[in-house]
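The next block holds one structure in the form of structure tokens; read it before the comments.
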Amino acid sequence: MWRLNIADGGNDPYIFSTNNFVGRQTWEFDPDYGTPEELAEVEAARENFWKNRFQVRPSSDLLWRMQFLKEKRFKQTIRQVKVENEEEITDGTATTTIRRAAHFFSALQASDGHWAGENSGPLFPLPPLVICLYITGHLETVFPREYRKEMLRFMYCHQNEDGGWGLHVEGHSNMYCTILNYICMRLLGEGPDDGQDNACSRGRKWILDHGGAVSIPTWGKAWLSRYSAYLIGQDVNQCPQNFGSFRLFFLYNQVRDNPCGDFRNMYRHISRGSWTFSEQDLGWQVSDCTAEGLKCCLLLTVMPPEIVGEKIEPERLYDSVNVVLSLQSKNGGLSTCEPARAFKWLEWLNPSEMFEDVLIEHEHVECTASAIHALVLFKKLYPGHKKQEIETFIKNAVQYIEEIQMHDGSWYGNWGICFIYGTWFALRGLAAAGKTYHNCLAVRKAADFLLKLQLDDGGWGENYLSCSDKKYIPLKGNRSNLVQTAWTLMGLIHSGQAERDPTPLHRAAKLLINSQMEDGDFPQHEITGASMRTLMVHYSNYRNIFPLWALSEYRQRVPLP
């Protein structure tokens, strides 16, 4: 049975860490792990996903959650509450839902302080790895039988009904990912007509029906030619403690040094004081990760030391501020890893044919808004440090956000789907800078945009196609998505909707409350992460984090009986 190991590098000499593997999560197959009852539970979860794979395509990430909950002997002891049709939400109802969600999610915290979670969605990274290992003769050494079995299961589960594979788990079939996944299945040992639900023959038929391998984009041609895997149909088998550990996790994963050597002449940016996209070992500073990390550390500094431990040294916070300030571009916005400074025309040289805006850095509303929010809080707690520089930064960042607002009142989201995500971030940043519905036209337009999209059940739901089409597209059947509903609820709260008319907020909160499951979890809905306009990303913990966050904001800032 599979188990998730935390902060464990094992005995592999090729695996290293700069922070003792804090934040690292590794799956391991242990044939002796698990009781017959637990094995049956795992198989039942797999079967349920398979039966419903075309309704809910992202994984609910249940296997490690089942492991953690059993190891911690979790039991939901707080009674479940629902809001009936004509019933008002009371403070007690909201509080109970929040406590149940927090009780469940805290049980999922790993021993080193972080929350494990699946970061998946794209369907093209695995096949090139398998191709490389196969060609070099190391496939079965690096990936024993049980690992190869799970790779195949992943591809079976995310094959579309028409036989192809998309760029991501919710994407329509395309030649690039269909050919790569077909070849990957064959290299992993499947015959021409093997695979669950005839996966190989169905995949090959889709390829031939759509023009064959010559239709694959440039990246695909490179893989096919480089590794001589270009003949489709060929037999390629021949070719509390929670807060304390949370604080330690943040400190362990803050980057403590700049890149080594003469890094500026190597076109690297400063990184001392930053946080990365994941753990410290990644090494690359990211603007919004640093801003959100800084904000978490600032909030921890105002909490009692008996709960969170010793106060964080101001110098570490100053380092973070320095990184955030250094990342602002001339137009006031922030990109991801370094200030945007290259010519836009360079994007015309983009060789990917599948992604957009990938060659150079571009400013993003999310990164900019996160920086505003963090620096406003920092200025409040440390008013004497770089005061003028921070105030100038915030002024320019606000101006950038206002200038890139779209005509309908929304903002395009780059790292989430899509206009709902971007608009929530923008409203969050503007509110932190003192902008309100009454003194800012951008806030008024954004609130009107969100309110017009509310569905009959009180929620919101946006299709991933909004990212590539660059216009708002609702989910099929006008369904609500709980994560996007949480984003919108918080955005409207930041706009001051509670003072104008709290009814839309109550309707959204009701949907979140009534959607909570018996154990305190929330159901998995459609994919909500995004990148590079066309690539969708699945973050399994979003379904816990954002409903919990939104209901907490709702209870705190919306008057309830």
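The values are calculated or read from the model by the stated rules, or taken from the named source; none is laboratory data. The model shown is predicted, which means the values in this text are computed figures rather than measured ones. Neighbour counts run over all protein chains shown; Cβ positions are idealised from the backbone, glycine included. Areas reflect the complete protein model, heavy atoms only, side chains present, ligands, DNA and RNA absent. Shrake-Rupley method; radii C 1.70, N 1.55, O 1.52, S 1.80 Å.
Of all the criteria given as (1) in a helix (DSSP H, G or I); (2) crowded, with 21+ Cβ neighbours inside 10 Å, the one not satisfied by GLN405 is (1). If you go through segment 284-331 and pick out every residue that is part of a helix (DSSP H, G or I) and either open to solvent by 40 Å² or more (accessible area, probe 1.4 Å) or not polar (S, T, N, Q) (or both), you end up with 27. Within segment 367-382, is there a residue that is within 23 Å of TYR412 (Cα to Cα) and open to solvent by 70 Å² or more (accessible area, probe 1.4 Å)? The answer is no, given that none of the residues of segment 367-382 is within 23 Å of TYR412 (Cα to Cα) and open to solvent by 70 Å² or more (accessible area, probe 1.4 Å). If you filter segment 543-561 down to residues that are assigned to a loop (DSSP other than H, G, I, E, B) and in contact with a Pro (Cβ under 8 Å, 6 or more places away or on another chain), you find that the one that is least open to solvent (accessible area, probe 1.4 Å) is VAL558. Does PHE425 qualify as being within 20 Å of CYS289 (Cβ to Cβ) and surrounded by fewer than 24 Cβ atoms within 10 Å (Cβ to Cβ)? So PHE425 fails the test. In this structure, does GLY23 turn out to be assigned to a loop (DSSP other than H, G, I, E, B) and over 19 Å from PHE246 (Cα atoms)? For GLY23, the condition - assigned to a loop (DSSP other than H, G, I, E, B) and over 19 Å from PHE246 (Cα atoms) - is not met.
Scanning segment 443-484 for residues that are under 28 Å from PHE393 (Cα atoms) and touching a Lys or Arg at 6+ places or on another chain (Cβ under 7 Å) returns a single hit, VAL443.
Tally up the residues in segment 193-220 that are in contact with a Phe, Trp or Tyr (Cβ under 8 Å, 6 or more places away or on another chain), of a type outside the set (Gly, Ala, Ser) and assigned to a loop (DSSP other than H, G, I, E, B), please.
Adding up the residues that qualify gives 2.
Within the set LEU300, LEU317, LEU294, LEU325, the sole residue that is within 21 Å of HIS362 (Cβ to Cβ) and hydrophobic (A, V, I, L, M, F, W, C) turns out to be LEU325. In the set GLU146, GLU190, only one residue is in contact with a Cys (Cβ under 8 Å, 6 or more places away or on another chain), acidic (Asp, Glu) and either assigned to a loop (DSSP other than H, G, I, E, B) or at pLDDT 95 or above (or both); that residue is GLU190. The residue pairs whose first member lies in segment 195-209 and is farther than 16 Å from GLY166 by Cα, whose second member is acidic (Asp, Glu), and whose beta carbons are closer than 7 Å, counting only pairs six or more residues apart or on different chains, are SER201/ASP193.
Among residues of segment 158-173 being open to solvent by 20 Å² or more (accessible area, probe 1.4 Å) and touching a Phe, Trp or Tyr at 6+ places or on another chain (Cβ under 8 Å), the one that is farthest from GLU526 (Cα to Cα) is ASP162.
The set of residues in segment 332-366 that are open to solvent by 40 Å² or more (accessible area, probe 1.4 Å) and closer than 21 Å to GLY283 by Cα comprises GLU338, VAL358, LEU359. Annotation note: of PHE124, PHE54, PHE68, PHE104, the sole residue that is assigned to a loop (DSSP other than H, G, I, E, B) and at pLDDT 95 or above is PHE54. Scanning segment 29-49 for residues that are of a type in the set (Phe, Trp, Tyr) and either over 29 Å from the mean Cα position of the chain (by Cα) or in a helix (DSSP H, G or I) (or both) yields TYR33, PHE49. Hey, does segment 66-74 have a residue that's within 30 Å of MET151 (Cα to Cα) and among the aliphatic types (A, V, I, L, M)? Yes. The residue of segment 71-123 that is farthest from ILE545 (Cα to Cα), among those that are surrounded by 19 or more Cβ atoms within 10 Å (Cβ to Cβ) and of a type in the set (Ser, Thr, Tyr), is THR93.
If you filter segment 1-38 down to residues that are at pLDDT below 90 and of a type in the set (Phe, Trp, Tyr), you find that the one that is surrounded by the fewest Cβ atoms within 10 Å (Cβ to Cβ) is TYR14. The criterion of at least 3 residues that are out of contact with any strand residue (DSSP E or B) (no Cβ under 9 Å at 6 or more places or on another chain), open to solvent by less than 20 Å² (accessible area, probe 1.4 Å) and not hydrophobic (A, V, I, L, M, F, W, C) is met by the following helices (runs of 4 or more DSSP H) wholly inside segment 438-542: 482-494.
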